[in-house]
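The values are calculated or read from the model by the stated rules, or taken from the named source; none is laboratory data. These numbers come from a predicted model, not from an experiment. In this analysis, Cβ positions are derived from the backbone assuming ideal geometry, glycine residues included, and neighbour counts consider all displayed protein chains. Note: areas computed on protein heavy atoms with side chains; ligands, DNA, RNA excluded. Shrake-Rupley method; radii C 1.70, N 1.55, O 1.52, S 1.80 Å.
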Amino acid sequence: MSGSDVTRKGVEGERPGRDAVTGEAAGRRRRRRGGRGERSMVPDAEFSSYYGRPILKKPTWKALDIAGYLYLGGLAGSSSLLAAGAQATGRPVLARAAKLGAAGAISLSLAALVHDLGRPARFMNMLRVFKPTSPMSVGSWLLSGYAPLTLAAAASDVAGRYRLVGSAATAGAAVLGPAVVTYTAVLISDTAVPSWHEGHRQMPYVFAGSGATAAAGLALAAAPTAQTGPARRMAVLGAALELGTFQLMKRRMGLAAEPLEKGRPHVMLRTAEALTAGGAVLAALSGRQRGRALATVAGAALLTGSAALRFGLFHAGVASAEDPKYTVVPQRERLRARQGGQEA
C-alpha cells in the first residue's frame, strides 16, 4: 500500500482501522520555473501504519462516563450562573433549584470521571502539580475549587443558615462557572482526534451554548413559571449560540466534519438540534401560559438536546480516530498548501 491509497474516500480496498498511511511519500521532485527539476538523492519512502494498526489509538474512554462528564459539567457551571442571577433579582425558588442542580450535576460529573479513571487516587494524583499548559491539570484544580463552592451554596440555602457564607459560595461558583462549562471543550480539542481537534476554535462556544440550554431546561422544569424569566432568556440565547456556532464549526472543519454527518453521531446531533430549537421556542412561549406543563416539556427537551449533543460529538470523535483518512488527507492538504506557498 502506498501513500496514494489513502484518499478522501478512505483507504482503497481496506476498512477503517486497517493498514493506515501516516504520511506522504518523501523525496518528490520540485519543479523550477524553467521546467527542469531537481533529482532526488534518496529513494521515495512509503509510510505505513505500525503493524497495520490505525494511525491514532481511538479513545478508550467509556461513552457514558466521559460524555456524561462533559454534559454534567456544562449543566453545573451554567446553573451556578443562573443561581447567582436569580438570587440577586429576588427569585428564591429559581435560585434554590439552580443551586441544587449545580451541586448535584458536578457531584455526578466527578463520580463519572473517577469511575472512568478506575481509582479515586488517580484524580488526586493530578493535583500533585499545577501545569497551566495542560487542560487536564487546570481542569482538575478548577473542579477541586468549584465543587465545594456549589455544595456550600446548596447546603446553606436548604438549611437556611450561614446566609453570608452561602452568598459568598454562590458568587464564587458563578465566577468559576463559565470556566467549568468550557474547559472540557478545550480538553477534548487538545487531542489528536480529528473531529475534536479541527473544531477547537468553535467548540468552547458550542459547549457554552449547550450548557446554558441545559441549565435553563432544569430551571424551567423545577421552578414556578413566575420566576423563570431568566431561564427562558438563557434558553433562547443559549440555543442561538449553540446552533449557530455548531453550524459554523462544521463548515470550518473540512473533511473532519464528515463523521458528524454519518451513522449514530449524525442521528444524535440532528436530534440535539431539533430538541434544542424546539425547546427554546417552547421556553419562550411558556411565559405566556399560566400552567407549568409547557415549561416542563420545554425543560425536558432542552436537557435531552444538550445531552444528545455531547454524546454525538463523543461518538463522532471516536469514529474519526478509527478511519485513517481523517488524519492523513488533511495533513497532506496542509503540506501541499505550505509547499505551494513556499514555491510562490
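Could you run through segment 114-144 and say how many residues are among the aliphatic types (A, V, I, L, M) and closer than 16 Å to residue 77 by Cα? I'd like the intermediate steps shown before the answer.
Narrowing segment 114-144 to residues among the aliphatic types (A, V, I, L, M): 114, 117, 121, 124, 126-127, 129, 136, 138, 142-143.
Adding the requirement that they be closer than 16 Å to residue 77 by Cα leaves 138, 142-143.
Qualifying residue count, segment 114-144: 3.
Taking segment 191-215, which residues are at pLDDT 90 or above, within 19 Å of residue 320 (Cα to Cα) and open to solvent by 30 Å² or more (accessible area, probe 1.4 Å)?
Answer for segment 191-215, where residues must be at pLDDT 90 or above, within 19 Å of residue 320 (Cα to Cα) and open to solvent by 30 Å² or more (accessible area, probe 1.4 Å): 197, 198, 200, 201.
In segment 158-180, which residues are touching a residue at least 60 places away in the same chain (Cβ under 8 Å) and open to solvent by 20 Å² or more (accessible area, probe 1.4 Å)?
The answer is 158, 167, 171, 176, 178, 179.
Suppose we keep only residues that are polar (S, T, N, Q) and closer than 17 Å to residue 211 by Cα within segment 248-291. Which one would you say is least open to solvent (accessible area, probe 1.4 Å)?
Top of the filtered list is 276.
Please verify whether segment 210-219 includes one or more residues that are over 30 Å from residue 259 (Cα atoms), free of Cβ contacts under 8 Å to residues at least 12 places away in the same chain and in a helix (DSSP H, G or I).
Looking through segment 210-219, none of the residues is over 30 Å from residue 259 (Cα atoms), free of Cβ contacts under 8 Å to residues at least 12 places away in the same chain and in a helix (DSSP H, G or I).
Restricting to segment 80-91, name every residue that is over 15 Å from residue 143 (Cβ atoms) and open to solvent by less than 50 Å² (accessible area, probe 1.4 Å).
82, 83, 84, 85, 86
Could you list all residues from segment 274-309 that are closer than 17 Å to residue 105 by Cβ and within 20 Å of the chain's Cα centre (by Cα)?
Going through segment 274-309, the residues closer than 17 Å to residue 105 by Cβ turn out to be 299-300, 302-309.
If the condition is that a residue be closer than 17 Å to residue 105 by Cβ and within 20 Å of the chain's Cα centre (by Cα), then 302, 303, 304, 305, 306, 307, 308, 309 are the ones that fit.
From the list 183, 146, pick out the single residue that is open to solvent by less than 50 Å² (accessible area, probe 1.4 Å), touching a helix residue (DSSP H, G or I) at 6+ places or on another chain (Cβ under 8 Å) and under 30 Å from residue 251 (Cβ atoms).
From the options 183, 146, the qualifying one is 183.
Can you name the helices (runs of 4 or more DSSP H) wholly within segment 83-171 that have at least 1 residues being closer than 28 Å to residue 219 by Cβ and among the basic types (Lys, Arg)?
92-117
Looking only at segment 118-142, filter to residues that are closer than 24 Å to residue 214 by Cβ and open to solvent by less than 40 Å² (accessible area, probe 1.4 Å); which one of those is modelled with the lowest pLDDT?
Once the filter is applied, the top-ranked residue is 123.
Checking residue 249 against (1) part of a helix (DSSP H, G or I); (2) modelled with pLDDT under 95; (3) among the hydrophobic types (A, V, I, L, M, F, W, C), which test does it fail?
In the conditions (1) part of a helix (DSSP H, G or I); (2) modelled with pLDDT under 95; (3) among the hydrophobic types (A, V, I, L, M, F, W, C), residue 249 misses (2) alone.
Of the numbered conditions (1) within 23 Å of residue 189 (Cα to Cα); (2) without any contact (Cβ under 8 Å) to a residue 40 or more places away in the chain; (3) aliphatic (A, V, I, L, M), residue 268 satisfies every one except a single condition; which is it?
Among (1) within 23 Å of residue 189 (Cα to Cα); (2) without any contact (Cβ under 8 Å) to a residue 40 or more places away in the chain; (3) aliphatic (A, V, I, L, M), the lone unmet condition for residue 268 is (2).
Which condition number does residue 145 fail, the rest of (1) in contact (Cβ under 8 Å) with a residue 40 or more places away in the chain; (2) touching a Leu at 6+ places or on another chain (Cβ under 9 Å) being met?
Among (1) in contact (Cβ under 8 Å) with a residue 40 or more places away in the chain; (2) touching a Leu at 6+ places or on another chain (Cβ under 9 Å), the lone unmet condition for residue 145 is (1).
Scan segment 92-110 and give yes if some residue there is buried (at least 18 other Cβ atoms within 10 Å of the Cβ), under 22 Å from the mean Cα position of the chain (by Cα), modelled with pLDDT under 85 and among the hydrophobic types (A, V, I, L, M, F, W, C), otherwise no.
Checked against the condition, which is being buried (at least 18 other Cβ atoms within 10 Å of the Cβ), under 22 Å from the mean Cα position of the chain (by Cα), modelled with pLDDT under 85 and among the hydrophobic types (A, V, I, L, M, F, W, C), segment 92-110 yields no hits at all.
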